[in-house]
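The values are calculated or read from the model by the stated rules, or taken from the named source; none is laboratory data. These numbers were taken from a predicted model, which means no experiment stands behind them. FYI the Cβ positions are ideal-geometry reconstructions off the backbone, even for glycines, and counts take in every protein chain you see. Just the protein is used for accessible areas: all its heavy atoms, side chains included, with ligands, DNA and RNA removed. Shrake-Rupley method; radii C 1.70, N 1.55, O 1.52, S 1.80 Å.
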Amino acid sequence: MSRIAKRLQDLRSQGRKALVTYIVNGDPYPEATLPAMHELVKQGADIIELGVPFSDPMAEGPVIQRGHERALEHKISLRGTLELVRKFRETDAETPVVLMGYANPIERMGYDTIAQLASEAGVDGLLTVDLPPEEAEPLKRELSAVGMDNILLLAPTTSVERARQVSALASGFIYYVSLKGVTGAGHLDVDAVKAKLDEFGKLTDLPLCIGFGIKDPETARKLSALADGVVVGSVLVNTMGERYEQSPAQIAAAVGDIVGGIRQALDA
């Protein structure tokens with residue numbers, strides 16, 4: 001059983017919801033990321049999604065786009081992100097880490113190479129935002145060979161037929177995009193999210209985690225009732241970006257406060 005599957009299974013048996021947190025490696029500067037990752041875990045994050053900076057992050061709203069831009073100013077790369085995970089693993093062997101990025105750098109490195117290097121670094125899964133399910137089988141095969149999960153997305157516009165295809169290719173968990181549009185949008189319709197999750201939940205036994213539009217404890221609590229967990233990203237990236245002149249410890253404390261509040265709401 002993968003580290004992701006075990007964590008989600010443990011949470012389900014405890015009657016608790018997963019808290020997945022997203023930050024961008026190297027944002028707002030490289031030294032800030034590792035302390036922030038450890039603080040997120042300390043404050044209750046169950047899984048860390050680590051964004052791999054990319055020059056054209058098409059699924060991201062302006063907040064996370066700026067996070068990618070800040071990281072790229074420091075020339076943060078896919079290989080550099082793997083090295084960061086390796087450092088994280090020196091003191092945390094338990095918390096699952098998912099790399100969230102775009103297909104171009106992964107294809108350029110090669111599926112077999114990224115799977116091997118990521119596994120050796122301690123990465124537990126890849127979420128490749130713009131890789132369509134029709135092209136996902138070769139990557140899934142390489143990831144499976146080294147025990148890594150292939151995280152895929154479902155959206156409000158996904159048909160039932162395509163959702164079945166995604167469910168067959170995914171492992172670990174499925175990331176449900178709660179709204180039409182990019183990350184950080186604010187038009188969340190809880191009833192519409194529930195209807196879609198009810199529909200998709202019949203197609204898979206994998207845990208479903210909801211992301212996009214979750215910015216505070218109250219929203220996280222509401223949506224967590226519909227799924228196995230929630231993903232929080234834009235509010236953390238925005239907080240880190242606003243504190244680019246502060247120390248790594250101050251930035252870590254700021255995102256830790258946010259995550260701690262959301263953790264309390266999920267466990268209440």
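Using 10 Å bins from zero, what percent of all Cα-Cα pairs in region 91-181 falls into each bin?
The percentages, shortest bin first, are 16, 51, 26, 6, 0.
Which residues in region 24-47 have a backbone N closer than 16 Å to a point placed 7 Å from the Cα of Leu72 along the Cα-to-Cβ line?
Once the point is set 7 Å along Cα→Cβ of Leu72, 24-29 turn out to lie under 16 Å by backbone N, inside region 24-47.
Taking a probe of 1.4 Å, how large is the accessible area per residue of the chain, in Å²?
Numbers: 11310 Å² over 268 residues.
Counting only protein heavy atoms, the per-residue value for the chain is 42 Å².
Can you tell me what the convex hull of the Cα atoms of region 55-96 projects to on average, as an area in nm²?
3.8 nm²
About the Cα centre, and with charges only on the beta carbon of Lys, Arg (+1) and Asp, Glu (-1), how big is the dipole of region 1-125? Nearest 20 debye, please. Please report the intermediate quantities before stating the final value.
Values: 15 positive and 18 negative charges, 68 e Å.
The calculated dipole for region 1-125 is roughly 320 debye.
Viscosity 1.306 mPa s, temperature 10 °C: give me the Stokes-Einstein translational D for region 195-268 in µm²/s, with Rh taken as the Kirkwood radius over C-alpha pairs.
Calculated translational D: 117 µm²/s.
Can you spot the aspartates and glutamates whose alpha carbon is less than 20 Å from Lys87's alpha carbon? Ignore those fewer than 8 places along the same chain.
Of all the aspartates and glutamates, those that pass the test against Lys87 - Cα under 20 Å, at least 8 places apart if same chain - are Asp27, Glu31, Glu39, Asp46, Glu49, Glu120, Asp124.
Sticking with the crude label model, points 7 Å out along Cα→Cβ, report the distance from Ala253 to Arg164 in nm, one decimal please.
So the two model labels end up 5.5 nm from each other.
How much of the calculated P(r) for the chain lies past 33 Å, in percent of all Cα pairs?
Tail of P(r) above 33 Å: 11 percent of Cα pairs.
Using a cut-off of under 11 Å, list every residue of region 68-103 whose amide N is near the label point 7 Å from the Cα of Val146 along the Cα-to-beta-carbon line.
What the label zone holds, given the 11 Å backbone N cut-off, is 82.
Rg to Rh ratio, region 87-141, alpha-carbon atoms and Kirkwood radius?
0.99
Give me log10 I(q)/I(0) at q = 0.12, 0.13, 0.14, 0.19 Å⁻¹ for region 1-106, Debye formula, one equal scatterer per alpha-carbon, no solvent.
-0.41, -0.48, -0.56, -0.96
Quick one: length gained pulling Glu137 to Asp56 fully straight, 0.36 nm per residue minus the C-alpha distance?
Gain on extension, Glu137 to Asp56, equals 26.8 nm.
Please state the charge dipole magnitude for region 104-226, taken about the Cα centre, from unit charges on C-beta atoms (+1 on K and R, -1 on D and E), reported in debye and rounded to the nearest 20.
Result for region 104-226 is approximately 360 debye, rounded to the nearest 20.
Give me the tail of P(r) for region 96-253 as a percent: Cα-Cα pairs with distance above 20 Å.
54 percent
Select from region 53-138 those GluC sites (Glu not before Pro) which occupy a DSSP coil region and have at most 11 other Cβ atoms within 10 Å, ordered by residue number.
Loop-located and lightly packed - Glu90, Glu94.
Express the carbon and sulfur contribution to the solvent-accessible surface of the chain as a percent, rounded to the nearest whole number, probe 1.4 angstrom.
48 percent
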